[in-house]
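The values are calculated or read from the model by the stated rules, or taken from the named source; none is laboratory data. The structure presented is a predicted model; accordingly, all values stated were derived computationally and were not measured. In this analysis, Cβ positions are derived from the backbone assuming ideal geometry, glycine residues included, and neighbour counts consider all displayed protein chains. With ligands, DNA and RNA removed, areas are computed over all heavy atoms of the protein, side chains included. Shrake-Rupley method; radii C 1.70, N 1.55, O 1.52, S 1.80 Å.
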Amino acid sequence: MVGIKSGRSPGGDVKDVPSTLVSIQTEMYNAMSADKVLLYFVGHGTSANDGSIQLGDGATLTYNELDSYLDFMQNSMASSAKITTIIDTCMAGSAIDDLTYVSGKSKRLHITSCRSN
(Lines give C-alpha, C1' and ligand atoms only; values in the text may rest on other atoms or scores of the structure.)
Protein backbone atom coordinates (compact mmCIF):
# COMPACT_ATOMS: atom_id res chain seq x y z
CA MET A 1 0.00 0.00 0.00
CA VAL A 2 2.86 2.40 -0.55
CA GLY A 3 3.53 4.77 -3.41
CA ILE A 4 5.31 8.07 -3.92
CA LYS A 5 4.19 11.13 -5.82
CA SER A 6 6.39 13.94 -7.04
CA GLY A 7 5.66 17.27 -5.43
CA ARG A 8 7.14 20.60 -4.36
CA SER A 9 8.35 21.55 -0.93
CA PRO A 10 7.27 24.88 0.60
CA GLY A 11 10.53 26.38 -0.71
CA GLY A 12 9.67 25.34 -4.27
CA ASP A 13 12.21 22.50 -4.55
CA VAL A 14 10.96 19.37 -6.29
CA LYS A 15 11.09 16.32 -4.05
CA ASP A 16 9.28 13.04 -3.53
CA VAL A 17 6.39 13.42 -1.10
CA PRO A 18 3.57 11.03 -0.30
CA SER A 19 0.26 11.83 -1.95
CA THR A 20 -2.85 12.25 0.17
CA LEU A 21 -4.12 8.83 -0.92
CA VAL A 22 -0.80 7.18 -0.03
CA SER A 23 -0.87 8.91 3.35
CA ILE A 24 -4.39 7.59 3.98
CA GLN A 25 -3.36 4.07 2.98
CA THR A 26 -0.26 4.22 5.17
CA GLU A 27 -2.15 5.47 8.23
CA MET A 28 -4.84 2.81 7.76
CA TYR A 29 -2.15 0.15 7.51
CA ASN A 30 -0.40 1.48 10.63
CA ALA A 31 -3.69 1.46 12.56
CA MET A 32 -4.29 -2.26 12.05
CA SER A 33 -2.68 -3.15 15.39
CA ALA A 34 -5.22 -1.00 17.28
CA ASP A 35 -8.40 -2.31 18.84
CA LYS A 36 -10.39 0.83 17.92
CA VAL A 37 -9.91 2.93 14.78
CA LEU A 38 -11.61 6.20 13.87
CA LEU A 39 -11.39 7.44 10.27
CA TYR A 40 -12.76 10.95 9.73
CA PHE A 41 -13.04 12.37 6.22
CA VAL A 42 -13.97 16.04 5.73
CA GLY A 43 -14.25 17.82 2.41
CA HIS A 44 -16.13 17.61 -0.85
CA GLY A 45 -17.87 14.44 -1.96
CA THR A 46 -19.87 13.31 -4.93
CA SER A 47 -22.37 10.58 -5.68
CA ALA A 48 -21.36 10.39 -9.37
CA ASN A 49 -19.51 7.30 -10.63
CA ASP A 50 -20.14 5.24 -7.49
CA GLY A 51 -19.38 8.20 -5.21
CA SER A 52 -16.08 9.52 -3.98
CA ILE A 53 -14.28 11.85 -1.60
CA GLN A 54 -12.24 14.61 -3.21
CA LEU A 55 -8.76 14.68 -1.63
CA GLY A 56 -6.69 17.80 -1.09
CA ASP A 57 -4.17 17.07 -3.84
CA GLY A 58 -6.84 16.69 -6.53
CA ALA A 59 -7.05 12.91 -6.27
CA THR A 60 -10.24 11.08 -5.39
CA LEU A 61 -10.99 8.17 -3.10
CA THR A 62 -14.03 6.27 -4.34
CA TYR A 63 -16.30 4.63 -1.81
CA ASN A 64 -15.55 1.26 -3.43
CA GLU A 65 -11.81 1.85 -2.89
CA LEU A 66 -12.44 2.90 0.72
CA ASP A 67 -14.50 -0.27 1.22
CA SER A 68 -11.61 -2.37 -0.11
CA TYR A 69 -9.19 -0.70 2.32
CA LEU A 70 -11.64 -1.22 5.19
CA ASP A 71 -12.11 -4.90 4.23
CA PHE A 72 -8.33 -5.37 4.21
CA MET A 73 -8.04 -3.66 7.60
CA GLN A 74 -10.84 -5.68 9.14
CA ASN A 75 -9.49 -8.98 7.80
CA SER A 76 -6.05 -8.15 9.25
CA MET A 77 -7.18 -6.88 12.66
CA ALA A 78 -8.10 -8.79 15.80
CA SER A 79 -11.68 -10.08 15.77
CA SER A 80 -12.60 -7.74 18.63
CA ALA A 81 -11.37 -4.62 16.80
CA LYS A 82 -13.88 -1.92 15.85
CA ILE A 83 -13.69 0.58 12.99
CA THR A 84 -15.70 3.81 12.94
CA THR A 85 -15.80 5.84 9.74
CA ILE A 86 -17.19 9.38 9.66
CA ILE A 87 -17.71 10.94 6.24
CA ASP A 88 -18.45 14.66 6.45
CA THR A 89 -18.80 15.57 2.78
CA CYS A 90 -21.47 16.58 0.29
CA MET A 91 -23.69 13.61 -0.56
CA ALA A 92 -21.95 11.43 2.05
CA GLY A 93 -25.01 9.23 2.43
CA SER A 94 -24.30 7.67 -0.96
CA ALA A 95 -21.33 5.87 0.66
CA ILE A 96 -23.44 3.69 2.96
CA ASP A 97 -24.35 1.03 0.39
CA ASP A 98 -20.73 0.73 -0.75
CA LEU A 99 -19.20 0.34 2.72
CA THR A 100 -20.47 -3.14 3.50
CA TYR A 101 -18.44 -5.98 4.96
CA VAL A 102 -19.55 -9.28 3.46
CA SER A 103 -16.94 -11.71 4.80
CA GLY A 104 -18.44 -12.31 8.23
CA LYS A 105 -19.43 -10.34 11.26
CA SER A 106 -18.83 -6.64 10.78
CA LYS A 107 -17.52 -4.49 13.58
CA ARG A 108 -17.89 -1.27 11.63
CA LEU A 109 -19.89 1.86 12.25
CA HIS A 110 -20.37 4.33 9.40
CA ILE A 111 -21.62 7.84 10.09
CA THR A 112 -22.41 10.29 7.31
CA SER A 113 -23.16 14.00 7.59
CA CYS A 114 -26.06 13.97 5.15
CA ARG A 115 -28.17 11.92 2.80
CA SER A 116 -27.08 10.87 -0.66
CA ASN A 117 -28.69 13.88 -2.34
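Counting only protein heavy atoms and using a 1.4 Å probe, the accessible area of THR100 comes to about 70 Å². Computed over neighbours whose Cβ is under 15 Å from that of THR89, the net charge equals -3, Lys and Arg +1, Asp and Glu -1.
Report the equivalent ellipsoid semi-axes for segment 47-117 in whole Å, largest first, defined as the square roots of five times the eigenvalues of the gyration tensor built from alpha carbon atoms. Let's see the in-between values first.
Values: eigenvalues 97, 34, 22 Å².
Gyration-tensor ellipsoid for segment 47-117: 22, 13, 11 Å.
By a 1.4 Å probe calculation restricted to protein chains, VAL37 has an accessible surface near 10 Å², given to the nearest 10. Loop-located trypsin sites (Lys or Arg not before Pro) in segment 39-117 (DSSP state other than H, G, I, E, B) with a sparse environment of at most 11 neighbouring Cβ atoms within 10 Å: LYS105, ARG115. A simple spin-label model places pseudo-atoms 7 Å from Cα toward Cβ; at ILE96 and SER80 they are separated by 3.1 nm.
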